[in-house]
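Report on the following structure.
The values are calculated or read from the model by the stated rules, or taken from the named source; none is laboratory data. Values in this document were obtained by computation on a predicted structure and should not be read as measured data. Methodologically, a virtual Cβ is constructed for each residue, glycine included, from the backbone with ideal geometry; neighbour enumeration extends over all protein chains shown. Each accessible area value is taken on the protein alone, full model and side chains, heavy atoms only, with ligands, DNA and RNA left out. Shrake-Rupley method; radii C 1.70, N 1.55, O 1.52, S 1.80 Å.
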Amino acid sequence: MKSYREELWFNLPTRRGFVNITEKVEDCIKKSGVQEGLVLINAMHITASVFINDDESGLHQDYEAWLEQLAPHEPISRYQHNRTGEDNGDAHLKRQIMGREVVVAITKGKLDFGPWEQIFYGEFDGKRKKRVLVKIIGE
Ligand code: ZN
């Protein structure tokens, strides 16, 4: 069995944002040489997510509005977590609902996706360097 590991780094200039990382994952699969297997992609930080959905700007704005309704960033004082001196109580909650990781089948060396599926990095406490782990196993 082959295995391959790579870390993807991000440093978003904004507090929140979504990045399509599908091509980066495809590059990792090419480098791995795996034709039949699985790829795991997970955020290595507890205020960021990896998820699969459609690549649509309207949809990303809808996510942003929906997540802000569920867990508004302000007032910062509404979160007990922020009593530690942090201001990212909302980001922990947003990450929880958007998820930590995705697993995708690799078939004939490609992501075995439905028609509109794309992989995204979701940032909820940006303006600093963060990592995503890509782990590939197979033959
Ligand atoms: Zn925190």
**Q.** Protein-only accessible surface order, largest first, of Lys110, Lys135 at 1.4 Å
**A.** Lys110, Lys135
Q.
Ordering Val134, Val103 by accessible area with a probe of 1.4 Å, largest first, what comes out?
A. Val103, Val134
Q: Would you mind getting me the FRET efficiency between Ser77 and Thr107? Use the beta-carbon distance for r and R0 = 41 Å, nearest 0.05.
A: 0.25
Q: Would you mind telling me the share, in percent, of accessible area of the chain contributed by carbon and sulfur at probe 1.4 angstrom?
A: 50 percent
Q) Using a basic spin-label model with each label point 7 Å from the Cα along Cα→Cβ, how many nm lie between Glu86 and Asn53? A) 2.3 nm
Q) At a Förster radius of 35 Å, what calculated FRET efficiency corresponds to the Cβ-Cβ distance of Trp66 and Met1, to the nearest 0.05? A) 0.30
Q | Per residue value of the accessible surface for the range 22-139 (all protein chains in place, 1.4 Å probe), Å² | A | 55 Å²
Q) Taking Cα pairs under 8 Å and at least six residues apart, what relative contact order does the range 11-113 come out at, in percent? A) 43 percent
**Q.** Computed lengthening from Ile137 to Thr14, 0.36 nm per intervening residue step minus Cα-Cα distance
**A.** 40.9 nm
Q) Where a Cα-Cα gap under 15 Å defines reach, which aspartates and glutamates qualify for Lys2, not counting those fewer than 8 residues away within the same chain? A) Glu36, Glu139
Q: Could you pull out every one of the aspartates and glutamates with an alpha carbon less than 13 Å from that of Lys129, ignoring same-chain neighbours closer than 8 positions?
A: Glu7
Q: Any lysines with Cα under 28 Å of the Lys127 Cα? List them, leaving off those in the same chain fewer than 8 positions away.
A: Lys24, Lys94, Lys135
